[in-house]
Amino acid sequence: MMNSKATPTEPRCHLMQQDVTQLFSFKLLFPISATRLNARLASVVSCSLRPGAAQFPVQSQNLIADNISVVEGETATISCRVKNNDDSVIQLLNPNRQTIYFRDVRPLKDARFQLVNFSDNELRVSLSNVSLSDEGRYVCQLYSDPPQEAYANITVLVPPGNPIIESREDIVREGNETEITCTSMGSKPAATIRWMKGDKELQGKSKVEATYDRMFTVTSWLRFTVMREDDGVPVVCIVDHPAVKDFQTQKYLEVQYKPEVTIKVGFPQGLIREGENLELTCQAKGKPQPHQVNWVRVDDDVPSHAVITGSDLYIENLNKSYNGTYRCVASNSVGETYADYILYVRDALTTTPKPTTTTTTTISATTSPPDITQDAAPSTEAAAHDSQAGPEAQRLDHAVIGGVVAVVVFAMLCLLIVLGRYFARHKGTYFTHEAKGADDAADADTAIINAEGGHNNSDEKKEYYI
C-alpha cells in the first residue's frame, strides 16, 4: 500500500484552486497578516509552476492588462481581463508584489483602492488621488494551469507650474535685438516650449534640467530684432505637456522708434501761381512723441514774411523767388527724421479781354437772318464767361467772327456779280431816224422840208427801242 504522506524532501504541492479559495475563506474567518497570506499564495504558484506539478488539459485562456497614464491627484483604473476563463482565480498585485485584490477581496489596507467590477472575465480596480509614489508596474495574475501574468504600467503625469516669462529690457529701440526667456518648472515628463509673435511662430533654444525628485525644469530663450511694427504685439510662450492644454503666458512688446514725418498741403490745391498763398502742415508721429518740430529751407533762408506756428508754415503772396525745397524736421529721444516739400511757383494767370467787332451790313429784306444780329451783340454774362475761358475760348470767338465776316463778303460778291450781268445785257446805242432826210439836203431849207412828215422819205422814219 502506497504511503500518501509526502517525504520531507518533496514540496507540498497538493494545494490547488480549491485550496486557494479555502485559504481566503479562512482569512475572512480568522484574520492573518497580508505577509503570511502572500507567502502562502506564492507557495501555491511555485508548486503549480514546478515541472512535476499536476497538469490538467484546459481551454486556452488569455490574460490582458493595459498601461495607464494618469495626472497626479486624479484617479487611475486598472483592469485585468480574461478571455475564455474557466473559473480561474484573478488577483491584482502592486509594484511591491503585495496583493491588492484577490477576486473581490482586498487584503491590502489602502482605502484608495476600490473595486469597480468583478466577474469571471474581469477584475477592475480604481486608485484615487494618485501620487508619484504610485507609479510602477502592477501585476495581474490568473491561477490557471499554467498560471499567467499580465502587467499594467502606471505612469504618473505631473503638470508644470505656471510658466514665467521675462525680457532683458522692458522697452526696446527699433532695430535693436531683444531676448525673452520662458521657464516651465516641476513637470513630469519634461515639457516643450514654443514661441509665437503675433500670428507667426518663432524658433527658440531650450534647455532641460532634471531635479532630485524626478521632476524637470525647461528653460527657453528667444532672440530677434525688433521693428516699429512690433510695438504692442504680444510674444506668447506656449507650454506643451500631456497633462495640460493651452498652457501659455505672454508679454507685449514696447518699442521706441523715430518719428514718421509727412507734409500736408492746406492750400492751394493743384498748381501754385504767383500772388497766391501757401499753407503747409507737418504731421509727425513717433514713440515717444516728437518734442520738437522745425521748418527750414534747404540751401536758403525761409522768406522773412513767412509765418511758422508750431507745425504749420504759412507764406502769402507767393512769387518765383520763393521756389525751393522746404523741410520739416521732427525729433525725439530716439532720433530725428524729416520730410521735404518742393515749391514751384508758376506765372500768374493773365485774362485777355475778348476783342469787340462792330460790323454794319446792308442786306436785302429777303436775306436777313436774325442769328447774325444776335451773334454780333453777345450778352454781358457771355462776355464775362469768355474772359475766363482761356486761349481756347478766344480762338473759338475769333473763328465765329471770321465766319460771319466771310458770309457777309460772300453775299456782297454775289450781289456785285448779279448787278454786273444785268448792266452788261442792257448796254447799247439808241438810234432815231427823225432827221434822216437832212443828210441828203443841199441846204437847210431843203433839210427841214425833208425832215418833216408827209415827204418822200416819211415811210423810212422808224424808231427802235430795245
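So if the hydrodynamic radius of segment 148-291 is defined as the Kirkwood radius over C-alpha pairs, what does Stokes-Einstein give as its diffusion coefficient at 25 °C and 0.890 mPa s, in µm² per second? Don't jump to the answer; show the numbers that get you there.
On the way: Rh = 19.1 Å.
Here the translational diffusion coefficient equals 129 µm²/s.
If R₀ is 30 angstrom, what is the calculated FRET efficiency for the pair N62 and R214, using the beta carbon separation as r and rounding to 0.05? Mind dumping the intermediate values first?
Details: r = 34 Å, r/R0 = 1.14.
Computed FRET efficiency for N62 and R214: 0.30.
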Run the quick spin-label model on K207 and D231: label points 7 Å from Cα toward the beta carbon, then report their separation in nm to one decimal. 3.5
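Within a Cβ distance under 11 Å of W221, other residues only, what is the Lys/Arg minus Asp/Glu net charge? Don't jump to the answer; show the numbers that get you there.
Working: positive: R168, K205, K207, R223; negative: E166, E179.
Local charge sum for W221: +2.
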Segment 222-299 versus segment 93-111: alpha-carbon centroid distance in Å: 70
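Estimate the FRET efficiency between N153 and T181 by the formula 1/(1 + (r/R0)^6), using the beta-carbon distance for r and 45 Å for R0, to the nearest 0.05.
0.80
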What Rg and what Dmax come out for segment 145-193 when only alpha-carbon atoms are used, in angstroms? 22.2, 78
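Viscosity 0.692 mPa s, temperature 37 °C: what is the translational diffusion coefficient of segment 270-359 from Stokes-Einstein with a Kirkwood Rh over Cα pairs, rounded to a whole number of µm²/s? Can you show the working numbers first?
Details: Rh = 15.2 Å.
It comes out at roughly 215 µm²/s.
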Pairs K205/K285; K207/K287; K264/K285: which exceed 25 Å Cα-Cα? K205/K285; K207/K287
List residues of segment 201-239, by number, whose backbone nitrogen lies under 14 Å from a label position 7 Å along Cα→C-beta of T249. 218-221, 235-239
So, with points 7 Å from each Cα along the Cβ direction, the A306-F423 label distance in nm works out to 7.8
Applying a 10 Å radius around every beta-carbon, put 226-232, 398-404 in order of their mean neighbour count, most first. 226-232, 398-404
Return P(r) of segment 208-256 (all Cα-Cα pairs; 5 Å bins starting at 0; whole %; ordered from short to long distances). 5, 15, 19, 19, 15, 11, 9, 5, 2, 0
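Taking only the Cα atoms of segment 102-181, how large is their convex hull per residue, in Å³?
On the way: hull volume 14.5 nm³, N = 80.
Measuring per residue, one finds 181 Å³ for the Cα hull of segment 102-181.
Local charge sum around S321 (other residues, Cβ-Cβ under 15 Å, Lys/Arg +1, Asp/Glu -1)? Please report the intermediate quantities before stating the final value.
Details: positive: R273, R297, K320, R346; negative: E274, E276, D299, D300, D301, E316, D347.
Around S321, the charge tally is -3.
Can you compute the FRET efficiency between L415 and R297 using 1/(1 + (r/R0)^6), with r the Cβ-Cβ distance and R0 = 41 Å? Round to the nearest 0.05.
Details: r = 71 Å, r/R0 = 1.73.
According to the calculation, E is roughly 0.05.
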Quick check: residue separation of E169 and R103 times 0.36 nm, minus the Cα distance between them. What number comes out in nm? 17.3 nm
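Dividing the alpha-carbon radius of gyration of segment 296-340 by 2.2 N^0.38 Å (N being the number of residues), what value is obtained? Don't skip to the end; give the middle numbers.
Details: Rg = 12.1 Å, N = 45, 2.2 N^0.38 = 9.3 Å.
Here the Cα radius of gyration is 1.29 times the empirical estimate.
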Where does each of S131, S206 land when they are ordered by accessible area, with a 1.4 Å probe and the largest first? S206, S131
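The values are calculated or read from the model by the stated rules, or taken from the named source; none is laboratory data. Note that the coordinates shown come from a computational prediction; the quantities given were computed from them, not determined experimentally. Neighbour counts are summed over all protein chains in view; Cβ atoms, including those assigned to glycine, are modelled from backbone coordinates with ideal geometry. We work out accessible area using only protein heavy atoms, side chains counted, and drop any ligands, DNA or RNA first. Shrake-Rupley method; radii C 1.70, N 1.55, O 1.52, S 1.80 Å.
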